[in-house]
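The values are calculated or read from the model by the stated rules, or taken from the named source; none is laboratory data. Computed from a prediction, not measured in an experiment: that's the story for all the values here. Cβ placement follows ideal geometry from the backbone for every residue including glycine, while neighbour counts extend to all protein chains displayed. With ligands, DNA and RNA removed, areas are computed over all heavy atoms of the protein, side chains included. Shrake-Rupley method; radii C 1.70, N 1.55, O 1.52, S 1.80 Å.
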Amino acid sequence: MDKFQGVLDLHFKHRKALGLGLATLLTVGGERIFSTTVFQCPCTAAWNLWYSLAFLLVPALALLFLGLLLNARPWRTLTGCCQSKASSTGASKRNTNTVCVCCEVTAAVLLAPLTWVAVALLGGAFYECGASGIAALAGSLCSGRHQNCTTQLPLVPCDKATESDVQDLLKTLKAQSQVAGWSLIAFVITIFMIATCISRCLSPVSFQQRKFWKIYLEEEQKIFKSQTTEHATGLAKENVKCFFECKQSKGYKIPSSEEWHQISSIYTCNPNKLYYSTLHKYVNTEKGNVSISSLGEDAVSPGLGFVDSSV
């Protein structure tokens, strides 16, 4: 039992890293299955390029959209935005924050699509098929080779080229694909390191306070979920009891729609009054007509996306 509890604690402590690792493994495995069993290059000049692009880009686009759908931050700002009655100044600030959040989220969920593209390029099958159907590339590849090279090049991925020097171009195409794959991996790692360094340098809190912040958010979410379940159950019991007893409800205190809207807005940081969550900010702000998402110097801060990472 103690070992099982230890595994659970490890999972909850590192669930984000484990989730990213699992997503990466599934992406790599999915690409291998597609490239070896599903993908069949047509080996025609008309279809090679488009067929390869479909297998290379459509799954990557699907992974991008899936990542956006599973990320909580865009939904915090988009849910109910068409019904918002904010002032023109508040709406302008909200739109700016929304754009910042969308850019950060898109950059964060690009890992799976880029992993798909990088693994596909390292495998070489998609690139070999697609590149062999590009007329402009055929001119440079076939320089100094057999006169029928350009017409036989689309047959190279299927090992159907009759001329041996043309069939040897398969090694060249595979080498180009793998170089492109490693270049993409190096580029992504470099950008990730630069972005991480910049976000940490711009962090409004120190390293240890950031760790405290994450622990606070985990506990807040646990308690909020527990209290939400308790109040929702109480309201349901009250309504069902009144229905069966044929009497008017005495009323059950729950937050108003505006209060729900306030704590559902995206987190904005004010260096002068630092709060650890939108809920923390709400309960420490004077109640009234002022929206907590439009206070003074509040703005979306780089590197604090973890605050809105859970629903």
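Scanning region 29-44 for residues that are open to solvent by less than 90 Å² (accessible area, probe 1.4 Å) and of a type in the set (A, V, I, L, M, F, W, C) yields F34, V38, F39, C41, C43. Evaluate region 82-94: report whether one residue or more is in contact with a Ser or Thr (Cβ under 8 Å, 6 or more places away or on another chain), under 17 Å from Q262 (Cα atoms), at pLDDT below 90 and charged (D, E, K, R). The answer is yes; a qualifying residue exists. Here is a check on your reading of the model: is A180 touching a residue at least 24 places away in the same chain (Cβ under 8 Å), surrounded by 14 or more Cβ atoms within 10 Å (Cβ to Cβ) and within 19 Å of G123 (Cα to Cα)? Yes; evaluated as a whole, the condition is true for this residue.
Restricting the first member to region 140-167 and to residues that are basic (K, R), and the second to residues that are surrounded by fewer than 19 Cβ atoms within 10 Å (Cβ to Cβ) and not in a helix (DSSP H, G or I), the beta-carbon pairs closer than 9 Å and six or more apart or on different chains are R145/E163; R145/D168. Residues in region 225-269 that are in a helix (DSSP H, G or I) and either in contact (Cβ under 8 Å) with a residue 60 or more places away in the chain or touching a Phe, Trp or Tyr at 6+ places or on another chain (Cβ under 6 Å) (or both) were compared, and the one that is surrounded by the most Cβ atoms within 10 Å (Cβ to Cβ) is Q262.
As a summary of the residue check, V156 satisfies the conditions (1) modelled with pLDDT under 85; (2) of a type in the set (A, V, I, L, M); (3) more than 32 Å from the chain's Cα centre (by Cα) except for the one numbered (1). When I191 is tested against the conditions (1) touching a strand residue (DSSP E or B) at 6+ places or on another chain (Cβ under 9 Å); (2) in a helix (DSSP H, G or I), the lone failure is (1). Annotation: of all residues in region 199-216 being touching a Pro at 6+ places or on another chain (Cβ under 9 Å) and open to solvent by less than 90 Å² (accessible area, probe 1.4 Å), the one that is farthest from T115 (Cα to Cα) is P204. Evaluated against (1) at pLDDT below 90; (2) surrounded by fewer than 17 Cβ atoms within 10 Å (Cβ to Cβ); (3) in a helix (DSSP H, G or I), A175 falls short on exactly one condition, (1).
Could you please find all residues in region 143-163 being touching an Asp or Glu at 6+ places or on another chain (Cβ under 8 Å) and in a loop (DSSP other than H, G, I, E, B)?
Across region 143-163, the qualifying residues are R145, H146, N148.
The condition (being within 18 Å of A60 (Cα to Cα), in contact with a helix residue (DSSP H, G or I) (Cβ under 6 Å, 6 or more places away or on another chain) and not charged (D, E, K, R)) is satisfied by just one residue among F187, F126: F126. When you scan region 62-83, how many residues do you find that are in a helix (DSSP H, G or I) and in contact (Cβ under 8 Å) with a residue 60 or more places away in the chain? Within region 62-83, residues that are in a helix (DSSP H, G or I) and in contact (Cβ under 8 Å) with a residue 60 or more places away in the chain number 5. Scanning region 114-167 for residues that are at positive phi and buried (at least 16 other Cβ atoms within 10 Å of the Cβ) turns up just one, G124. The residues in region 45-81 that are open to solvent by less than 40 Å² (accessible area, probe 1.4 Å), modelled with pLDDT of 85 or more and over 11 Å from the mean Cα position of the chain (by Cα) can be counted, and the count is 6.
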